[in-house]
Amino acid sequence: VSHELRTPLTLTIGPLEDLRSRAGGDPQVERWLDIALRNARRLLRLVNQILDVAKLEAGAMRLAPRPLDLAPFTRGVVAAFAPVAERKGLCLTVETPDALPGAFDADAVEKVLTNLLSNAIKFTPDGGAVHVALSSDRGAARLLVRDSGPGIPPDQLAHVFERFYQADESTTRTQPGTGIGLSLVRELVELHGGTVAVEGGSAGTTFTARIPPGVVAGGGVATGDLAGAPSIAAQVAVEHAARAARPSDDARGDDVPTLLVVDDSADLRGYIRDHFAPRFRVLEAADGAEGIALARRHLPDVVLSDVMMPGTDGHALVRALRGSAETDFLAVVLLTAQAGDEQRLDGLERGADEYLTKPFEMRELDVRVRNLIAARRRLRDRFARPPAGGGDVRAAAPAGVAPADQAYMARVRDAIRRGLADPDFGVGELADAVAQDRSHLFRRVRQLFGEPPSDLLRRMRVEAGERLLLGERSATVTDVAYAVGFNSLSYFCRCFQEAYGVTPAAYRSRAPVARE
């Protein structure tokens, strides 16, 4: 059920977000898209709540307390509701201490606070007020959410935490509900060893949750900073992916990053392809077996794979890629509807570089793909060094070449070595470096080196890659490709195989470990 619901939700929310960002300022279109997005996200929240209830009923939900400062965490959750409160003209306030560290399950606390806040805002009339307060209460965290809505009749207060129970629609409900949220709040708080209470009447409603800190794995109550992955907003500043190669006579049209998308949903593959196609060469596979074959044939820079697929699933794909020296260095991102921590950790432990839950935000996927590529390219600073005391295999000037021509050849080779690690260093940049126009450079290089400038550039890059493969054993094939200025791993491997007759991985495995 999770898989069947989350995939279509991805294909609803993602395109709607893209359309919303391109609405072009038309108020009517923006309003319609806002309505569609708001209801699609509401449906997603409902799906998640139903799944959480099923886990709780089965006794399958386990908390994972980690170091967490609840003060900034609470302020962040409340801030996410500010636009909704502003649209209703509500006064939304939050009061927290400077810090309240402890060990809490961040996901459970967020669900508790989100449900309480969502209810408060939903049932408070326009122009009302919602107040959130966090404090310490005898070693536990005390979370209070108060609204100025119509309140809950005293005879109904005892039932508000019962599953599927809803207060009298005519007096307290301004929107339809399901009666799941508050039941989930109580069960999550109690699972955390805490209590939740409600006070109501004609002057609004106040919910108070008392949540004691848990124990971090290994023992002890954590008091450190918030654990877990950094927010996507903090990662957006990471460098952009490689720009598409500029059209020129250096024949680098194939030298753009390659992305392989493996998913049994043609719609999802198409959505991802449309997003990445302007900057990547995108390959598609409908199942894991086809994905493995394409990965071995094309050596993509990043593989995006679903987990649950007929036949060969995403975990089997990761095992196959990690089990071969020809593909063990490929970056793999798993996309799945399995949202639990255990499934996510299982995917990472099997060798995936990233693990994203459907429905994912396309901006987040884009950032994570760019980060994976950028991390490899940052190794250029480490590996992109001119070779000690030498040039390439054909560096020596032919016999009988005039001294002036020898000096020119040395200047060209030196210019290429200096720009070797820069993927944007092409024939035009080489012409600037040796102070010649392109046509003059083409004639002189062809006359003295016996090949056009584009071939000379590519050959010297491949030869530098060969030296790095043997001299820097800790560098992967991907690291080497980026270090010598290739944007595309598959293009580097193709050029290398044309030059040496074998793939880079096979060449390294056959070579002696030490090299004089």
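The values are calculated or read from the model by the stated rules, or taken from the named source; none is laboratory data. What you see is a predicted model; the values in this text were computed from it and never measured. Positions of Cβ are backbone-derived with ideal geometry, glycine not excepted, and every protein chain shown enters the neighbour counts. Each accessible area value is taken on the protein alone, full model and side chains, heavy atoms only, with ligands, DNA and RNA left out. Shrake-Rupley method; radii C 1.70, N 1.55, O 1.52, S 1.80 Å.
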Which residue is nearest to Y491 (Cα to Cα), if the candidates are limited to the range 302-323 and must be open to solvent by less than 10 Å² (accessible area, probe 1.4 Å) and not in a helix (DSSP H, G or I)? V302
Could we say that V477 is crowded, with 19+ Cβ neighbours inside 10 Å and either modelled with pLDDT under 90 or touching a Pro at 6+ places or on another chain (Cβ under 8 Å) (or both) here? yes
In the range 288-315, how many residues are free of Cβ contacts under 8 Å to residues at least 24 places away in the same chain and within 19 Å of the chain's Cα centre (by Cα)? 0
Going by the conditions given, is D250 within 18 Å of L372 (Cα to Cα), part of a loop (DSSP other than H, G, I, E, B), open to solvent by less than 60 Å² (accessible area, probe 1.4 Å) and modelled with pLDDT under 85? no
Please find, among A464, A499, the residue that is in contact with a helix residue (DSSP H, G or I) (Cβ under 6 Å, 6 or more places away or on another chain) and either surrounded by 24 or more Cβ atoms within 10 Å (Cβ to Cβ) or assigned to a helix (DSSP H, G or I) (or both). A499
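So that you can scan it fast, the table gives a plain yes or no per residue for (1) touching a helix residue (DSSP H, G or I) at 6+ places or on another chain (Cβ under 9 Å); (2) in contact (Cβ under 8 Å) with a residue 24 or more places away in the chain:
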| residue | (1), (2) |
| --- | --- |
| A82 | no, no |
| G89 | no, yes |
| F104 | yes, yes |
| A108 | yes, yes |
| P125 | yes, yes |
| G128 | yes, yes |
| V132 | yes, yes |
| E162 | yes, no |
Any idea which residue in the range 426-450 is farthest from D405 (Cα to Cα), counting only those that are in a loop (DSSP other than H, G, I, E, B) and open to solvent by 20 Å² or more (accessible area, probe 1.4 Å)? D437
Does any residue of the range 152-162 turn out to be open to solvent by 40 Å² or more (accessible area, probe 1.4 Å), polar (S, T, N, Q) and out of contact with any Pro (no Cβ under 7 Å at 6 or more places or on another chain)? no
If you check T195 against the conditions, is it at pLDDT below 75 and open to solvent by 50 Å² or more (accessible area, probe 1.4 Å)? no
When A23 is evaluated against the numbered criteria (1) modelled with pLDDT of 85 or more; (2) touching a helix residue (DSSP H, G or I) at 6+ places or on another chain (Cβ under 6 Å); (3) surrounded by fewer than 16 Cβ atoms within 10 Å (Cβ to Cβ), which criterion, by number, is the only one it fails? (1)
Hey, D346 hits all of (1) surrounded by fewer than 20 Cβ atoms within 10 Å (Cβ to Cβ); (2) at pLDDT 85 or above but one; which does it fall short on? (2)
Strands (runs of 3 or more DSSP E) fully within the range 21-126 counting 2 or more residues that are charged (D, E, K, R): 66-69
Determine whether the range 271-288 contains at least one residue that is outside any loop (DSSP other than H, G, I, E, B) and modelled with pLDDT under 85. yes
Can you tell me which residue in the range 198-214 is farthest from H131 (Cα to Cα), limited to those that are modelled with pLDDT of 75 or more and under 35 Å from the mean Cα position of the chain (by Cα)? P213
Can you pull out the residues in the range 174-192 that are touching a helix residue (DSSP H, G or I) at 6+ places or on another chain (Cβ under 6 Å), open to solvent by less than 70 Å² (accessible area, probe 1.4 Å) and at pLDDT below 80? I180, G181
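One line per residue, one yes/no per condition, for (1) out of contact with any Asp or Glu (no Cβ under 8 Å at 6 or more places or on another chain); (2) closer than 21 Å to V189 by Cα; (3) open to solvent by 40 Å² or more (accessible area, probe 1.4 Å):
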site	(1), (2), (3)
N39	yes, no, yes
D52	yes, yes, no
L100	no, yes, no
V112	yes, yes, no
